[in-house]
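The structure appears right after this line, and notes come after that.
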Amino acid sequence: MRKFFYAEKGLFLQSLHPLAALAFLGTMLVLALAFSHPLYLAGIFLVAGVTVWTAEGLETWESYLKIGLVMMTLIVLINALMVHEGRTILWRGPLIPVFGRITISLEAIYYGLAMGVRLLNVISIFCLFNLIVHPDKIINLFSRFAGKSTLVIALAARMFPVMAQRYENIRAVQQIRGVDFSRGTLKEKVQKSSLLINSLILSSLEDSLEIAESMQARAFGSGPRSRYRRHRWQPRDTLCLAGSAVALGAGLAGLFHGFGAYTFYPQMGCLVDGPGTVAVLLIVLSGLLAPAILNWGWHRCTFLRLKI
């Protein structure tokens, strides 16, 4: 479970200002949801993969993709069986009451694959969020606008990883004491697990009391909110924000001129419909690759590291 949570590794992407990181991830998410062109969706997926690689999260990304590929397969199957608008018929099945005759078209499969890649893009973006954005930084960014609501979100976000870690610790202690959770009847396994959950609940209640005492000792809510640390805006943040702005602007301009859209039904359109499609795609990918390029230079050029 640990690989699904943020882990401090001292990476370039983890040193970005939370606002710059959110702008980059938000731009990728908006473009992934706005584009329907297969080339654009594949390009965003490539950018996500390169960025995950620079964030040293390929193992974590693999776990996300396993779930995403299962969902993608379901999307392709359901769309191929339920949608009968394509002209290129690959197979005609029997006539089924209520549902009608089953026909599988190439366009339906193609559309399901494109939407599956879009789903993988969204999953990859959230994987990137867990890899490069510290939850406390995001909470600290929004705490100035809604302090109490942000505190609730912080406690809720902290609860799951802490409980997962404590669950592993309690289970390990019980195993050292001779408890084998894999043996016995179903009733015995349930009893062993219930004792484990009881210990987890008791420890969580003790933690809640300690948090309440800590908040009271720090005079929470008695006056203006103070800050333990401030996040400085650096040149690297400006460059990443500029890349995101260029990608978003080019993407929206391309959508306005029809470059990011694609026709699946009743017949598939052309992938490359003129030089404008390739030009907009290259601009969007170049803007989104700005953090990965800066990361490459940050590791290989001492002068660039000092400047940004």
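The values are calculated or read from the model by the stated rules, or taken from the named source; none is laboratory data. Fair warning: this is a prediction, and the values are worked out from it, not measured in the lab. Here Cβ is always computed from backbone atoms with ideal geometry, including for glycine, and neighbour counts include all displayed protein chains.
Of the helices (runs of 4 or more DSSP H) lying entirely inside segment 2-112, those carrying at least 3 residues that are closer than 30 Å to TYR167 by Cα are 58-82. On inspection, ILE176 fails the criterion of being surrounded by 13 or more Cβ atoms within 10 Å (Cβ to Cβ), farther than 24 Å from ALA34 by Cα and not assigned by TED's automatic domain parsing to the domain that holds LEU25. Of the numbered criteria (1) part of a loop (DSSP other than H, G, I, E, B); (2) free of Cβ contacts under 8 Å to residues at least 60 places away in the same chain; (3) of a type outside the set (Asp, Glu), the one ARG144 fails is (2). Being closer than 28 Å to THR263 by Cα, modelled with pLDDT of 85 or more and surrounded by 20 or more Cβ atoms within 10 Å (Cβ to Cβ) is true of LEU120. With respect to (1) under 30 Å from ALA156 (Cβ atoms); (2) part of a loop (DSSP other than H, G, I, E, B); (3) modelled with pLDDT under 85, the lone exception for GLY178 is condition (1). Return yes or no: is ALA146 more than 22 Å from the chain's Cα centre (by Cα), over 27 Å from THR54 (Cα atoms) and either assigned by TED's automatic domain parsing to the domain that holds LEU19 or not acidic (Asp, Glu) (or both)? Taking the combined requirement at face value, the residue satisfies it. Against the definition (of a type in the set (S, T, N, Q), within 33 Å of the chain's Cα centre (by Cα) and surrounded by 15 or more Cβ atoms within 10 Å (Cβ to Cβ)), how does SER193 come out, yes or no? In short, no. When ARG171, ARG232, ARG183 are checked against the criterion of being assigned to a helix (DSSP H, G or I) and of a type in the set (D, E, K, R), ARG171 stands alone in meeting it. For segment 82-97, the criterion of being under 18 Å from GLY260 (Cβ atoms), buried (at least 17 other Cβ atoms within 10 Å of the Cβ) and of a type in the set (Val, Ile, Thr) is met by no residue.
Restricting to segment 58-70, and then to whatever is within 12 Å of the chain's Cα centre (by Cα) and within 29 Å of GLY254 (Cβ to Cβ), can you tell me which residue is surrounded by the most Cβ atoms within 10 Å (Cβ to Cβ)? Taking the candidates together, the pick is TRP61.
In segment 52-70 there is at least one residue matching the filter, namely being over 30 Å from LYS137 (Cα atoms) and free of Cβ contacts under 8 Å to residues at least 60 places away in the same chain.
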